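For reference, the structure discussed in these notes is given below.
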Amino acid sequence: MTETPILPAVRDFLDRRHQLYIGGRWVEAEGNARLNVYNPATGAIISSVPDATARDAARAVDAARESFRVGVWASLAPGMRERVLLRLADLVERDAEILAQLETLEQGKSLVLSRILEAGGAQSWIRYVAGLATKITGQSLDVSIALPPGARYTSFTRKEPVGVVAGIVPWNFPLVIGVWKVLPALAAGCSVVAKPADTTPLTLLYLAQLATEAGVPDGVFNVVTGRGAVAGDTLVRHADVAKVSFTGSTPVGKRIAQICAGRLAPVSLELGGKNPAIVLADADVEQVVGGLALAGFLNQGQVCAACSRVYVQAPLFDKVAAGLHAALSSMRIGPGMDETTQVNPVASAVQQDKVSGYLQNAMEQGAEILWGQNLPGNAGAGYYVRPALVLNPDDTLALTREEVFGPVMALTRVDSVEDALARANDSSFGLAASVWTSSLAQAMDLPPRMQAGTVWVNSHVMIDPNLPFGGMKDSGLGRDFGTDWLDAFTELKAVCIRH
Ligand code: NAD
């Protein structure tokens, strides 16, 4: 086992006494409370950040509101905002290896994934959204107002930035989801207060300082680190926060929606999933096994769109099960900093306990489990969970109904396409789904009948800035990405001129 050496710049960042990022500079939190950051591969403390109080969070909102009032960012020409954001993407590219290492060290995922999906993904999404800054358009409207007689009117709509946006980020992809929560708001001309997850705050802090270096004016991009129930809750309730953009769990999302409803604040919610795949008898087994091994076990299954339920038509069941088991067995388990590993620790001790609890319960209920490789001898205090394939679990099992968010996939034999479809849709979630088939007719017929915001055919979990992404049912409200992305960060104003 060889781990990639930690860059001196990464060590320096870890060793810093981190502060809050408010008004374009580092500021002390009002109290001394800190949140430790742990390396999931060892359980060791590698850094700490302020545990912001409600007053700290309110201070960040004040800075954002003031920057919005003055108009330092919102009144910039869209082309200038685009240039600054493109510069930010270049700085992320310059510091990609630093960001990737920080991500692996705080979150646990493979360094290979951190490079491609976090540092690389951040660049792609920032560049995409930077381009949207120059495409904010209204309409010119002909109206038929008859009064006073003889009056003529010219009318048009404008899309204006909503104001201060709270961006609340989960721990599974801290950098790239941080970008999804912050960057569209910036492109639209809003000011932002972002709150990373308690356990993975480092890359968002790093991104905020890069934004200042790129030319984002002071106060436009602020970061408060802290707990959801304190800093996060303060942002959601704050009267000066005009919009909440949240990615996280369904229970927290519902709570936030209730609070926002109380003050009529718009909210976007990207929540959990229990995402099915339907494998038809005519599917290409090799493609299914490769695609689902990635879709289920990438980032240890801690992916909102991860495939966690697979319904396979009977003729292919044994082959798919054997193929997935062989794939799991060939994945090396170890720390994310060892680039030869494919299975890494989950992100926290809490998550390790949660996932292990689901597996324990399934075993107690007599579920048949095919396991991946054993944990490495030197796993020590690392938060490892042995990957598992659960065969034909009972539909009432917690593991088959709830979001496990770990390296666990349920594989169920079905007889008919209709049975597979009914089971796939039998979930409170509706984030993503996939169909595996060589039949053009099935590839066209099934996606419209699946209750999911995204349906892939012969693929799963592949996302792109230009593909709108979001959930139905308990999986959320609204869509991220795509050409309409900035609409959620603008108010539509109608202007009617009599002349
Ligand atoms: P979480 O809901 O526990 O936390 C998410 C964020 O919300 C964190 O920053 C947390 O501190 C904050 N928070 C917690 N309580 C809060 C409160 N009362 N008020 C305001 N903020 C609060 O979720 P998590 O465990 O960090 O992330 C995993 C979840 O995120 C999974 O359910 C996963 O499916 C979901 N997720 C969804 C998407 C998507 O696009 N649909 C993407 C990634 C993750």
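Please treat every number below as a calculation from the coordinates, not as lab data. As the structure is a computational prediction, the values presented were derived from the model and not from experiment. For neighbour counting, all protein chains shown are included, and Cβ atoms are generated from backbone atoms with ideal geometry for every residue, glycine included.
Between T396 and E97, the FRET efficiency estimated from the beta carbon spacing at R0 = 51 angstrom works out to 0.65. Pairs K254/K274; K109/K473; K135/K195: which are spaced more than 19 Å apart, C-alpha to C-alpha? The answer is K109/K473; K135/K195. Reducing region 73-129 and region 430-468 to their Cα centroids gives an inter-centroid distance of 28 Å. When the helices of the chain are scored as -39500 (n - 2.57) per DSSP H run of n ≥ 4 and the total is divided over every residue, the value at 222 nm lands at -11500 deg cm²/dmol. Picking from L440, L210, F68, whose Cα lies most toward the positive end of the charge dipole for the chain (charges on Cβ: Lys, Arg +1; Asp, Glu -1)? The listed residue farthest towards the positive side: F68.
Rank L35, P393, V164 by how far each Cα sits towards the positive end of the charge dipole of the chain (+1 on Lys, Arg Cβ; -1 on Asp, Glu Cβ) and give me just the farthest. Final value for the positive-end residue is V164.
Rounded to the nearest 10 degrees, the inclination of helix 54-70 to the longest alpha-carbon principal axis of the chain is 50 degrees. Straightening the chain between D419 and R11 buys 141.5 nm, computed as 0.36 nm per residue apart minus the Cα-Cα spacing. The mean sequence separation of alpha-carbon pairs under 8 Å and at least six residues apart, normalised by the residue count of the chain, gives a relative contact order of 19 percent.
Measuring nothing but alpha carbons in region 275-464 and taking Rh as the Kirkwood radius, the Rg to Rh ratio lands at 0.96.
The angle separating the long axis of helix 121-132 from the principal Cα axis of greatest extent in the chain is about 30 degrees.
Explain nothing, just the number: relative contact order of region 275-464, from Cα pairs under 8 Å at least 6 residues apart, as a whole percent.
Numbers: 372 pairs, mean separation 57.8, N = 190.
It rounds to 30 percent for region 275-464.
Maximal additional length on extending the R152-A349 stretch stands at 64.2 nm, based on 0.36 nm per residue less the C-alpha distance.
Can you compute the label reach from I369? Point 7 Å from Cα along the Cβ direction, backbone N cut-off under 19 Å, restricted to region 328-348. Counting backbone N atoms under 19 Å from the label point, the list is 328-334, 343-348.
Mean projection of the Cα convex hull over all viewing directions, computed for region 75-215: 9.9 nm².
Relative to the longest principal axis of the Cα atoms of the chain, the long axis of helix 440-449 lies at roughly 60 degrees. Multiplying the residue separation of T4 and I145 by 0.36 nm and removing their Cα-Cα distance gives an extension gain of 43.8 nm. The modelled label-to-label distance for the pair C496/S329, using points 7 Å beyond Cα in the direction of Cβ, is 7.3 nm.
Binning the C-alpha pair distances of the chain at 10 Å intervals from 0 yields a P(r) profile of 4, 19, 28, 25, 15, 6, 2, 1, 0 %, listed from the shortest bin outward.
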